[in-house]
1. First measure r as the distance between the Cβ atoms of D126 and N266, then evaluate 1/(1 + (r/R0)^6) with R0 = 25 Å and state the FRET efficiency to the nearest 0.05.
2. For segment 252-324 and segment 135-169, compute the distance between their C-alpha centroids and round to whole Å.
3. Please work out whether segment 82-132 counts as rounded, prolate or oblate from its C-alpha gyration tensor, where a ≥ b ≥ c are the square roots of the eigenvalues and a/c under 1.5 means rounded, while otherwise a/b larger than b/c means prolate and anything else oblate?
4. Among G10, P203, A245, whose Cα lies farthest out toward the positive end of the dipole of the chain, if unit charges sit on the beta carbon of Lys, Arg (+1) and Asp, Glu (-1)?
5. Mean separation of Cα pairs under 8 Å and 6+ residues apart, divided by the residue count of the chain: what relative contact order is that in percent?
6. In the chain, if the dipole is taken from +1 on Lys/Arg beta carbons and -1 on Asp/Glu beta carbons about the Cα centre, which of L101, Y140, S256 is farthest to the positive end?
7. Normalised by the empirical 2.2 N^0.38 Å for globular proteins, what value does the Cα Rg of the chain take?
8. For helix 95-104, what angle does its Cα long axis make with the longest principal axis of the chain, in degrees from 0 to 90 and rounded to 10?
Amino acid sequence: MRVLLTGHQGYLGTVMAPVLAAAGHEVVGLDAGLFADCVLGDPPADPQGHRVDLRDVTAEHVAGVDAVIHLAALSNDPLGSLAPDLTYDINHHASVRLARLARDAGVRRFLYASTCSVYGASGGDDLVAEDAPLRPVTPYAESKVRVEDDLHALADGDFSPVFMRNATAFGYSPRLRADIVLNNLVGHALLSGEVLVLSDGTPWRPLVHAADIARAFAAALTAPREAVHDRAFNIGSETNNVTVAEIAEQVAEAVSGAKVVITGENGADPRSYRVDFSRFRAAIPGFDCEWTVKQGALELADAYRKFGLTREDFERRFTRLAVLRAASESGAVDDTLRWRR
Ligand SMILES: NC(=O)c1ccc[n+]([C@@H]2O[C@H](COP(=O)([O-])OP(=O)(O)OC[C@H]3O[C@@H](n4cnc5c(N)ncnc54)[C@H](O)[C@@H]3O)[C@@H](O)[C@H]2O)c1
């Protein structure tokens with residue numbers, strides 16, 4: 001397949017592109033490159049790609065494409081809360097526009113990177129499955145719900161949107177993010193000797209390795225239409241349904257000498273959900289996630305040591321909000337996050 005991969009220069013896209021290429025697909029990227037320089041380790045070999053803002057995509061970008069994997073977004077709660085209007089412009093409106101262009105161009109499958117954050121304040125210990133009520137508590141999560149709704153309305157006999165609700169990712173990617181929970185806690189533990197938890201540690205936070213997400217998307221790309229057409233799937237594994245305090249314990253075991261410190265200073269986090277991941281396993285026989293939280297913590301600690309993670313990089317280069325703030329303050333991007341140059 002010729003696959004348009006938006007967000008190919010992000011944390012997940014950088015891991016996913018080679019997985020798709022190895023499966024025999026021709027990958028064409030599309031990314032504004034906001035985090036293109038956020039590299040830890042050897043620079044990744046990006047596929048051919050368009051450097052274009054999602055809001056400026058035209059029919060030309062989707063011409064001749066068999067499938068779209070849409071990852072590009074302002075990708076977490078702090079970014080969404082920084083500028084809710086921008087989050088809706090980019091994550092919601094531009095995504096739906098891309099899907100319309102794709103459908104008009106005859107693209108048959110559209111894999112959308114949604115998130116388990118759509119369950120938001122589901123709370124409790126019961127597992128939430130895809131049909132559970134959605135309770136987004138941030139503009140980021142709300143933007144994902146709106147896209148799911150609008151793409152669902154576009155589904156027809158020739159166009160199959162698929163909603164991939166990923167758990168929170170972890171693991172090494174050459175384009176690192178340190179602002180997601182496991183990656184953050186491992187980095188902090190190595191740099192300071194403390195596994196620092198600012199919440200009270202009780203929220204459930206399902207996790208999934210970036211490589212397992214990549215394998216799930218690759219599987220959904222070629223699955224029989226009837227298995228995935230217009231369906232939502234939670235992506236992850238029940239083994240990795242963990243509380244923040246449990247994540248911290250795993251990190252302390254992976255980084256010798258590190259001590260868990262739960263300050264609780266940010267109070268209770270309303271985002272808490274335990275997730276049922278069985279629907280995707282049933283739709284894609286043989287698929288399961290391979291990585292545990294502990295393995296991911298060990299992998300990250302090795303990578304951070306090997307590539308010499310510094311505090312400066314940890315807090316600035318690999319923290320999405322800090323990167324965008326710096327780009328804005330230096331004038332590299334305007335107040336709508338478009339490049340000036
Ligand atoms: N990482 C996670 O824990 C996680 C979990 C669930 C869902 N997701 C979703 O997966 C997708 C990828 O996440 P990620 O962790 O790789 O995020 P990321 O921030 O590392 O990458 C997002 C990419 O999108 C690009 N982008 C942002 N705005 C753009 C615009 N206006 N035009 C063109 N490109 C733009 C960025 O340049 C970046 O390369 C996102 O949609 C995110 O919401 C991520």
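1. That pair, D126 with N266, gives E of 0.50.
2. 24
3. Verdict is oblate for segment 82-132.
4. G10
5. 19
6. The listed residue farthest towards the positive side: L101.
7. The value comes to 0.94.
8. Compared with the principal axis, the helix lies near 30 degrees.
The values are calculated or read from the model by the stated rules, or taken from the named source; none is laboratory data. These figures come from a predicted structure and were not determined experimentally. For neighbour counting, all protein chains shown are included, and Cβ atoms are generated from backbone atoms with ideal geometry for every residue, glycine included. Calculation scope for accessible area: heavy atoms of the full protein, side chains included, ligands and nucleic acids excluded. Shrake-Rupley method; radii C 1.70, N 1.55, O 1.52, S 1.80 Å.
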